[in-house]
Amino acid sequence: MSKVTITTAVKLTAEQLKKLTTTIEKKYGKSAFETIIDPSILGGVIVTIGSHQIDNSYRTRIATVKQQIVTAIIE
């Protein structure tokens, strides 16, 4: 059984958490889940499974767009 950490900006509803954990269990198998509330990610979700991380946070999306704009300006 692998440990899964779910990080969100706000607390998920029971229904949202159930849908997310069910999806993760179907794809990766049974897991032990830990939830973390981190307002600094602004929104979205970061799922960490062992050393693998799926970062779909607004903080990362904004940083990516910012980098694309900077790169476009420099070129």
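The values are calculated or read from the model by the stated rules, or taken from the named source; none is laboratory data. Worth saying up front: this structure is predicted, and the values here are computed from it rather than measured. Quick reminder, even Gly has a Cβ in these numbers, built from the backbone with ideal geometry, and neighbours come from all protein chains shown.
Looking across the range 40-62, just one residue is over 20 Å from residue 16 (Cβ atoms) and surrounded by 12 or more Cβ atoms within 10 Å (Cβ to Cβ), and that is 62.
Of all residues in the range 9-27, those that are assigned to a loop (DSSP other than H, G, I, E, B) and of a type outside the set (D, E, K, R) total 4.
Hey, does the range 64-71 have a residue that's of a type outside the set (Lys, Arg) and touching a residue at least 12 places away in the same chain (Cβ under 8 Å)? Within the range 64-71, not a single residue is of a type outside the set (Lys, Arg) and touching a residue at least 12 places away in the same chain (Cβ under 8 Å). The set of residues in the range 28-56 being part of a strand (DSSP E or B) and aliphatic (A, V, I, L, M) consists of 32, 36, 37, 45, 46, 47, 49, 54.
Looking at the range 1-42, which of its residues are among the β-branched types (Val, Ile, Thr) and either farther than 15 Å from residue 57 by Cα or at pLDDT below 95 (or both)? Selection gives 4, 13, 21, 22, 23, 24. When the range 19-63 is filtered for residues that are in contact with a strand residue (DSSP E or B) (Cβ under 7 Å, 6 or more places away or on another chain), of a type in the set (S, T, N, Q) and without any contact (Cβ under 8 Å) to a residue 12 or more places away in the chain, only 53 remains.
If you go through the range 23-39 and keep only what is more than 15 Å from the chain's Cα centre (by Cα) and either exposed (fewer than 11 other Cβ atoms within 10 Å of the Cβ) or among the hydroxyl-bearing types (Ser, Thr, Tyr) (or both), you end up with 26, 27, 28, 29, 30, 31, 32.
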